[in-house]
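Structure record follows, encoded as structure tokens.
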Amino acid sequence: MISEGAIILCTEVSEYFAQIITEYLSQELPEGAKIIPIERQTFGGVEHYYRIGIDNNSDLFGKDVIFVGSTHSDLEIAELYRVGCAISGYGARRIIFCIPFFGYSTMERATKPGEIVTAKAIARQFSFIPLATMGNTFLLTDLQVEWYITLKATVNDLNCPLKKYSLKKLIN
């Protein structure tokens, strides 16, 4: 069962999708769900600063956190990784990464010598996010069709369909 409601974090680009998830979970879970903002600043046009909008370092301790963000750009990938590491470091009980668009998903194998298998490299990068107490789960979704789980914890390839209502079942 989710502890004291779901905490939702999101990248700027995925805020709309995070709102939909929050509204859905607020209706489905007795404990509800809330979005916590992430403060972002850019320095010198290249360095990025992030701060999760919490008052105390213990605010995420023992909590279930859903982090919504696409991988359509290198900046989004870096934010998912960096903030994901911080969520784990602040003691989250479980982290569910909900990725509404997995960029580079068609680059899952090399077809010519020397090609970089970018989807695999990103999956490996995400597998290095420290595990929360009850693990990390990655939901890769395709907003055009049914939702799919393709990565879980340390990047196991499950390839099993996931209906919309299953997000509730996953956190129960």
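Taking Lys and Arg as +1 and Asp and Glu as -1, the other residues whose beta-carbon sits under 12 Å from that of Tyr81 total -1.
Between Asp74 and Arg109, full extension at 0.36 nm per residue minus the direct alpha carbon distance yields a gain of 10.7 nm.
Between beta-carbons, use under 13 Å as the cut-off and find the net charge around Gly69, counting Lys and Arg +1, Asp and Glu -1. Once all neighbours under 13 Å are counted, the net charge is -3.
Summarising the amide proton neighbourhood of Phe97: residues at separation of 5 or more, or on other chains, whose placed amide H is nearer than 5 Å comprise Phe67, Thr137, Phe138, Leu139. Lys and Arg at +1, Asp and Glu at -1: add these up for the other residues within a Cβ distance under 15 Å of Thr42 and post the number. Value of the local net charge: -3.
Distance from the C-alpha centroid of segment 10-49 to that of segment 84-122: 19 Å, rounded to the whole angstrom.
The numbers here are math on the coordinates, done by the rules we state, and not lab data. Note that the coordinates shown come from a computational prediction; the quantities given were computed from them, not determined experimentally. Quick reminder, even Gly has a Cβ in these numbers, built from the backbone with ideal geometry, and neighbours come from all protein chains shown.
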